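Worksheet: the structure to be examined is printed underneath.
The values are calculated or read from the model by the stated rules, or taken from the named source; none is laboratory data. In this text, all values refer to a predicted model and were calculated from it rather than measured experimentally. All Cβ positions, glycine included, derive from the backbone under ideal geometry; neighbour counts span all protein chains shown.
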Amino acid sequence: MYRLLLVLCFFFAHPIFAQSLTEIVEKHQPNILKGSVKTAAPIIADIQAVGTEAATEFLTNWQDKALWFIKETGQIVSVVTDDKKTYQLIDIETGTLVTELAKKDIKQIKPNSGLRKMLGSALVTGKLLSPQKEIRLAGVDALIRDPKASHLDPLRVALEAEADIELKGIMDRAERQLTIQFDDLEVARVAAIESFSNDLSVEARGTLNPLLSNKIMLADLVPEDANIKGPITPGSEALTYEDAFDLLVAAEKATPVPTNAEIASILEANIENDTIAGFALADMSDADTRIKAYLALADAGKALAFDPNATIADLVADHEFIAVYVETSKAVTDAASNALDQINAKVGFSRFIDLALDGVSLASIYFLAAIGLAITFGVMRVINMAHGEFIMMGAYTGFVVQQIIPNYTVSIILAVPLAFAVTFAAGVAMERLVIRHLYHRPLETLLATFGISIALQQIAKNIFGTQARPLTAPGWLDGSLVINEVIQISWIRIAIFVLSLLFLLLLLFILNKTRLGLETRAVTQNPRMAASMGINPDRINMLTFGLGSGIAGIAGVAIGLYAKVTSELGADYIVQSFMTVVVGGVGNIWGTLAGATMIGFLQKGIEWFNPSNTLAAQTYMIIFIIIFIQFRPRGIIALKGRAAGD
Amino acid sequence: MKKLLLSSALIAASAGTAMAEIKVGILHSLSGTMAISETTLKDTMLMLIEQQNAKGGLLGEKLVPVVVDPASDWPLFAEKARELLTVHEVDVIFGNWTSVSRKSVLPVIEELNGLLFYPVQYEGEESSKNVFYTGAAPNQQAIPATDYYLEELGVEKFALLGTDYVYPRTTNKILEQYLKDSGIAADDIFVNYTPFGHSDWSKIVADVVALGEDGKKVGVISTINGDANIGFYKELAAAGVSADDIPVVAFSVGEEELAGLDTTNLVGHLAAWNYFQSADAEANTSFIDAWKDTMGAERVTNDPMEAHYIGFNMWVNAATAAGTTDVDAVRDAMYGQEFPNLTGGTAVMLPNHHLAKPVLIGEIQEDGQFDIISQTAEVPGDAWTDFLPESAVLKSDWKELGCGMFNTETNTCVQLKSNY
């Protein structure tokens, strides 16, 4: 009934008091076209004051970039189009067809995201009561992004009426957030603040932190009813001596210390017959004389006096400074500071866990990139500089498969064995054609494989171009596993972790439990003896090298999924891979795992200390590793005895 | 004997044609890392020259392109520039992309008094007598984008993320000072540099998200270069950060870079340029049509292409006005040259060898194009930034002062050569 009355009121009041929507829009036309946050507030208020459905529709269309204007007349309309060539123009007020025009005669009005946020915030009330769940959700989203005191009551009404459990939860949280900021009742605010004390989200901290904003005042000036945080000693981080002195000056408890330039200009202004206040102009090159002259001038009332011997620290020492909360309610600030203490303790712990997870993830990526090398370099002792290019070949195989098969899940499942096949073949070919002839000549192997790596990179550039190619993960790998608001890790990284774990197990199995593994170990330890036992070293070398290369190919698919596919992809990982194998200990899969773990965690740890320069973090890590290698030249897990091979 | 006759005839023929032709040097990498970007510019130049020849050439003579390939090898740029000027004796050069390649060409072009049109947005702090900078200076890209953040989006906390090389470092240095001057506290500016092609973004994205914990609106200004962008945007999306929560404005991501990429993760994020393909203007439509006719329907246009379009046409008009292609005469005729740019409005060549151009801010859409949401009036390019104390006193004016590095405090020309 009440609402009906209200609507009736509007209905009758509208033609008398308010302008029509068309008039208002016409009046503000230039600013609507320009669409700036600076000019939008009065326009939105005017249009909302119209109160008709068409006005709400207009604001919604404005927010959705669905308003256009006719280039010739400047009239603002909404449009309907079937073929995107001719457009039917709809009057914003009456909803009737104005005319039909071609695309080139009209232009879309595109509000920026700041303005869209404002419009969204203005439309919140209507959206919250919408029968559609998506619109209500959009309403709450808009409200959280730009909270206003006027949103509190409609939100509470909507919360009461909400049937959807999930949405009710979101609304309840938003309601508590708004309560903290805008409610008049201290009890309600304190209760809402306490309800957030287990909430680790950035929004919760973003709501609570501003409650504790404070300003530092001179003790004598603090009003009696102020909400005092506590005394502040000058010279601390919160209040430097300079800032404290500025406060004194602002309160007229001290005179500002003149700068050298100020002294000079006052001295210059008072030159009389080659003297200043009785001091000869020629002596003015001496700093002490200048100050004496200045003080003499100050005595004569021509300048502001100051004490040249006192430091700022002395000057502020006699005064007390107090930090005062901007928020006037002590109960609220106490609750907020308690809640934040609890949150921060948990956030600190969660950050540590998150960093550790990042470390694990990076370690698994390095491990996956290096595990192929652990076989070819670690077991066979072939320095294969083209290992990175096998990773790249695997990634490009994934890209090509995705071009042919559009279903991302199927294409990835297919890409993994295909990448293995392609790089296995490439590895075998390289072993047969080049490396076989260079066994036990590490320097030549290094040079030859380095040359191959450059050639492979250029071939990739010629085929695929130098622009990065996308390798898109299937939908079920999108997003993150969210443990809490701070600890989250993307599913792709988890998938890489699982993949590297699988390969660790697979390789351990192959090397320790299969005939191929036994023969490989035999050939690497003593090829002649192995040959005498009926093992064909040529064949074993070829297969082992192929296996290592094939695994690099699969690593390429995984790395391409989480980053990008370029011809330089392999080069980015080759140094890290060698480092991983060498640090971990050559010739041992467990060593590679240890190496990857150490490098991954070290990198993350250094990044944590020095967040502003990731490149520097990598440099520090390499320095650390150089030192580490000095003390443990055989790596973390060193082979002993005959297995060491020397 | 026959051979000798033939060769002397060839020499005579080439000498004869040299008189009736105007040579235009094109110095863009056609192989190596930068090939993908620079080949497009070479094709743009060939198209423009062909169009000009169809209109009757220049000064009654035919324009002949001389294309060389510096192969993304910075020292080779200097060699190739020397070859263009001394062997081919070109009248003008259009070329370069990276700042390091431009720095490599500068001494050659100043020694031989050549003329170079440089079409890419760059870090400023340079003004050579022999170079016209048709791309954006920092005040034509970075500063307006920052203003947009401050005024329209209400950003209170800034993350300046960049790749570790000269352009991001110089730009961020200018921006940091500018933000401080605009009243942003030093604690509210987070700066991070990553290596080329960086892919491990989880920690950095987490750091950026955590910036919002004191309730302030966070915005990212990205000078991240090339491929590294992909991993960065992927990680942002994985962390559930939308452009409405934390917007990212990029200075090195354009249509060409977005072409063929999966843009779902990028929708709503921003880029600032002087030109977008989506600009609604007649000149732009016919430029895009001509480009697609020559190169294929799937090709896109971008900002450096527009810069070449303006630069080339200005050079043609200046040479026509001067009645010669002589470098000094053309240079004098260049000042004040006006040419309609593709986004509507007019570009003007200033005495500091930079253009006055509008600044556009676009939101990335699903189809890899940009929705232009802000377009300023023409902004005059500033060779020396006003926001760093050491360069605020410097001024470039080749027309009146004849100096590219003029100290306005001491009223002296610091130096003429740009070997800084």
For the stretch A:489-536 the number of residues that are aliphatic (A, V, I, L, M) and touching a strand residue (DSSP E or B) at 6+ places or on another chain (Cβ under 8 Å) is 2
Scan the stretch A:189-206 and give yes if some residue there is over 29 Å from the mean Cα position of the chain (by Cα) and touching a residue at least 24 places away in the same chain (Cβ under 8 Å), otherwise no.
yes
Of all residues in the stretch B:236-260, how many are among the charged types (D, E, K, R), in a helix (DSSP H, G or I) and modelled with pLDDT of 85 or more?
1
Consider only pairs whose beta carbons are under 9 Å apart and that are at least six residues apart or on different chains; among these, list those whose first residue lies in the stretch A:94-115 and is at the interface with another protein chain (Cβ under 9 Å from one of its Cβ atoms) and surrounded by fewer than 17 Cβ atoms within 10 Å (Cβ to Cβ) and whose second residue is among the basic types (Lys, Arg) and not in a helix (DSSP H, G or I).
A:LYS104/A:LYS71; A:LYS107/A:LYS71; A:GLN108/A:LYS65
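If a residue must be among the β-branched types (Val, Ile, Thr) and within 11 Å of chain A (Cβ to nearest Cβ), how many such residues does the stretch B:222-248 contain?
Taking the stretch B:222-248 first, the residues among the β-branched types (Val, Ile, Thr) are B:223-224, B:230, B:241, B:246, B:248.
Okay, now just the ones that are also within 11 Å of chain A (Cβ to nearest Cβ), so B:230, B:241, B:246.
Number satisfying all stated conditions: 3.
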Do any helices (runs of 4 or more DSSP H) lying entirely in the stretch A:450-568 carry at least 3 residues that are within 14 Å of chain B (Cβ to nearest Cβ) and crowded, with 19+ Cβ neighbours inside 10 Å, and which ones are they?
A:491-513, A:537-562
Residue pairs, Cβ under 9 Å, 6 or more apart or interchain, first in the stretch B:205-218 and closer than 17 Å to A:LEU208 by Cα and facing another protein chain (nearest Cβ under 7 Å), second among the polar types (S, T, N, Q) and assigned to a helix (DSSP H, G or I). List them.
B:GLU213/A:ASN209; B:ASP214/A:ASN209; B:GLY215/A:THR207; B:GLY215/A:ASN209
Name the pairs: first residue in the stretch B:134-158 and free of Cβ contacts under 8 Å to residues at least 24 places away in the same chain, second residue basic (Lys, Arg) and in a helix (DSSP H, G or I), Cβ to Cβ under 8 Å, at least 6 apart or on different chains?
B:GLU151/A:LYS38
Of the numbered conditions (1) within 13 Å of another protein chain (Cβ to nearest Cβ); (2) within 14 Å of A:THR56 (Cβ to Cβ), A:LEU128 fails exactly one; give the number of that condition.
(1)
Which residue is farthest from the other protein chains (Cβ to nearest Cβ), if the candidates are limited to the stretch B:137-148 and must be surrounded by 22 or more Cβ atoms within 10 Å (Cβ to Cβ) and within 11 Å of B:LEU179 (Cα to Cα)?
B:ILE143
Is there a residue being assigned to a strand (DSSP E or B), away from every other protein chain (no Cβ under 12 Å) and out of contact with any helix residue (DSSP H, G or I) (no Cβ under 7 Å at 6 or more places or on another chain) anywhere in the stretch B:263-283?
yes
Would you be able to say whether some residue in the stretch A:600-609 is within 11 Å of chain B (Cβ to nearest Cβ), touching a Lys or Arg at 6+ places or on another chain (Cβ under 7 Å) and modelled with pLDDT of 85 or more?
yes
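In the stretch B:249-260, which residue that is hydrophobic (A, V, I, L, M, F, W, C) and buried (at least 22 other Cβ atoms within 10 Å of the Cβ) is farthest from the other protein chains (Cβ to nearest Cβ)? Explain how you work it out, then say what you get.
Applying the first criterion (hydrophobic (A, V, I, L, M, F, W, C)) to the stretch B:249-260 yields B:249-251, B:253, B:258-259.
In the following step, the residues that additionally are buried (at least 22 other Cβ atoms within 10 Å of the Cβ) were identified as B:249-251, B:253.
Values: B:VAL249: 11, B:ALA250: 15, B:PHE251: 18, B:VAL253: 12 Å.
Restricting to residues being hydrophobic (A, V, I, L, M, F, W, C) and buried (at least 22 other Cβ atoms within 10 Å of the Cβ), the top hit is B:PHE251.
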Out of the stretch B:296-325, which residues are among the β-branched types (Val, Ile, Thr) and either assigned to a helix (DSSP H, G or I) or without any contact (Cβ under 8 Å) to a residue 12 or more places away in the chain (or both)?
B:ILE310, B:VAL316, B:THR320
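If only one of A:LEU208, A:LEU159, A:LEU200 is among the hydrophobic types (A, V, I, L, M, F, W, C) and at pLDDT below 85, which one is it? Show your work before the answer.
On the way: A:LEU208 fails: at pLDDT below 85; A:LEU159 fails: at pLDDT below 85.
Testing whether each residue is among the hydrophobic types (A, V, I, L, M, F, W, C) and at pLDDT below 85 leaves just A:LEU200.
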Of all residues in the stretch A:31-75 being part of a helix (DSSP H, G or I), within 14 Å of chain B (Cβ to nearest Cβ) and free of Cβ contacts under 8 Å to residues at least 24 places away in the same chain, the one that is farthest from A:GLY114 (Cα to Cα):
A:ASN31
